[in-house]
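Written below as structure tokens is the structure these notes are about.
The values are calculated or read from the model by the stated rules, or taken from the named source; none is laboratory data. None of the values given here were measured: they were computed from a predicted structure. FYI the Cβ positions are ideal-geometry reconstructions off the backbone, even for glycines, and counts take in every protein chain you see.
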Amino acid sequence: MKQRTLLGRSALLALAVLFIGITVLSTWALRGWRLDLTENNLYTVAPGTQRILDALPEPVNLHYFWSARTAGEYPTLKNYGTRVSEFLQELAARSNGKLRLSIVDPQPFSAEEDRAAELGVEGVPIGAGGETFFFGLAGTNSTDGRESIGFFDPSKEEFLEYDVAKLIQQLGRPDKPVVGWLSSLPMGGGFDPMSGQSREPWYVYAQAAEMFTVRDLNPDLTAVDADVDVLAIVHPKSLPLAAQQAIDQFALRGGRLLVFIDPLAEQDPGGASPDNPLAAMAADRSSQLGTLLGAWGVDFNVHEVIGDLSYGMSVAMRAGEAPTRHIAILGLDSTSLAADDVVTNGLGTINLATSGYLTPREGATTHFEPLLQSSAVAGPLPVERFAMLMDPASLQDGFAPTGQRYVFAARVTGNIKSAFPNGPGPLRESAQPLNLIVFADTDLLADYLWLRDVPPSFFGPRAKQAWAHNGDLVWNALDNLAGTADLISVRGRASYSRPFERVDALRREAEGRLRSKEQELEAQLTATEEKLTALQSQRADQSGLILTPEQQQEIERFEAEKLRIRKDLRDVRAGLNEDIRQLGNRLKLVNIVLVPAIFAFIALLAALWRRKRQAAILLVQRSARP
């Protein structure tokens, strides 16, 4: 008996030593190996990100400022901060030494705290004590270039890889991207013949000129310079054939385009002059790219404007008049914006005026992704209805929503063929895939639709205040397109936070049963009260102080029924907890026992196979000896 016990203990000890040995061996032998088994490949670096790392011309220094000690009191921030740290370490491991990562936990009043502020990572007060919390990334290169992510917003964790890849690429490419700007609207400011005064540049254009190297282009261009990263085309009216062919070749060689077209551009002067101010009312104020847009797989109806009963805004047509609902001047909210695209993610209100709509062309080779859409209570209106519009409310006369959601802006990608197969350019099909973002409205660029003037004060001059996100939308689009094709290919991914879907389903099922029991109780209570009222009306004694036997029996029956239903409710709640407990036990069994047992079994098989193979080799060697 003692010998059997000793053997059993020895076997357990041997298994424990074997398990520890296998763990140590696998840790050493599989160092650097990575296997992502998550549903959405959450830990797999996108190919575009890897190419950005491979293309770095020189090392980049990354400084991750992360208040890990402070975050310990906030589980959400702690988990996300750990995820950012692991992701940065993964990038550094894949960069072949081109990323030099340092993780810093700045302490109060320390040199690290000053260094974080110097590099653009500002601490934010957190908690009741107002302790400074750092959660950002700064990068530097050998030419004193600096880029930073001031704070990692947990609500944007789907775009963590994109934001970090963008920062790395900017440090690897210190020069500002070049944006070629071709516009028939007076966006750059200048003299206004209607008012006889100089006008300021449109704010969206002025800010773009600070963020990028903006190069104004003329409609008579015959080629787009090779160093232009993004071609912005605003309200193209009657472009010469040579200019269209130049744009076509730019698109075929993989150039990125940001295009704004419109069936009715409110900001188009339309030939109006001081001598004839009403000329614009009868003028054609539409724009389109015609053959080019069709070759890129997009259709655009230049004769229709979208009205929307859900997003129509109230506007005052003339000073002193009460605001009137205008179903063609739209204030889109976040539900109409693509949440999974970096250009529109996180934005709120986007305002449009007399916008058209876009549709993917049948048989197109490109991929069409909506960025802005109408509600389901929208429909087209003929452009002619806006020629002499005096009362916006009249647009609703005869208006019939189609139930369709119309696309105001889209991202279009893929390989294309030339719109001018017999043209002078050398390319007839894509050398690099097309990257296009196109809007069916130009008025969204105008200041009046998203900015208001703040009067001058003692503290400063007149300023602009945004009341919508039109500018952010345009700058995001330019910023995204100005990156390389590798950066554009890095898209938002699923959230790292995964809900307990099975537990939630069990809880919803039990809550449904609880609700039905509650409704049953309420119905029985109502029926019993009605019965008591009926019995009371039939009583001979109307004093109301003595209960009849029938009333007493009915009350006792109700009390018993109520106790029974309450017991059922407790049983349902207990059943809910029991189902969740059993699910937790099954998961523990799988994670603690089954998975290690499977790996141990595989390791034992591998060891036995190796031992058998070595024995066979020795046998062959012995038989070969003389």
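One table, with the values for the structure above:
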read-out: Some residue of region 117-132 being in contact with a helix residue (DSSP H, G or I) (Cβ under 9 Å, 6 or more places away or on another chain), modelled with pLDDT under 90, among the small types (Gly, Ala, Ser) and exposed (fewer than 15 other Cβ atoms within 10 Å of the Cβ); value: yes
read-out: Unique residue being in contact with a Pro (Cβ under 9 Å, 6 or more places away or on another chain), closer than 19 Å to residue 101 by Cβ and modelled with pLDDT of 70 or more when the list is 64, 80; value: 80
read-out: Test result for residue 263, at pLDDT below 95 and not polar (S, T, N, Q); value: no
read-out: Segments classed as strands (runs of 3 or more DSSP E), wholly inside region 375-469, with at least 2 members that are surrounded by 15 or more Cβ atoms within 10 Å (Cβ to Cβ); value: 378-382, 407-414, 434-439
read-out: Tally of residues being buried (at least 24 other Cβ atoms within 10 Å of the Cβ) and not in a loop (DSSP other than H, G, I, E, B) across region 338-357; value: 2
read-out: Residue list for region 104-131, filter: in contact (Cβ under 8 Å) with a residue 12 or more places away in the chain and more than 28 Å from the chain's Cα centre (by Cα); value: 104, 105, 106, 108, 112, 113, 115, 127, 131
read-out: Test: residue in region 384-407 that is among the basic types (Lys, Arg), closer than 28 Å to residue 256 by Cα and touching a Lys or Arg at 6+ places or on another chain (Cβ under 9 Å); value: no
read-out: Wholly enclosed strands (runs of 3 or more DSSP E) of region 127-245 bearing at least 1 residues out of contact with any Phe, Trp or Tyr (no Cβ under 9 Å at 6 or more places or on another chain) and either among the charged types (D, E, K, R) or in the same structural domain as residue 68 (by TED's automatic domain parsing) (or both); value: 131-133, 135-140, 146-149, 190-192
read-out: For residue 573: the one exception among (1) modelled with pLDDT under 65; (2) basic (Lys, Arg); (3) exposed (fewer than 11 other Cβ atoms within 10 Å of the Cβ); value: (3)
read-out: Residue in region 83-101 that is charged (D, E, K, R), part of a loop (DSSP other than H, G, I, E, B) and at pLDDT 90 or above present; value: yes
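Conditions tested, residue by residue: (1) more than 26 Å from residue 217 (Cα to Cα); (2) within 25 Å of the chain's Cα centre (by Cα); (3) modelled with pLDDT of 85 or more; (4) aliphatic (A, V, I, L, M).
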position	(1), (2), (3), (4)
157	yes, yes, no, no
166	yes, yes, yes, no
169	yes, yes, yes, no
178	no, no, yes, yes
181	no, no, yes, no
187	no, no, yes, yes
191	no, no, no, no
194	no, no, no, yes
199	no, no, no, no
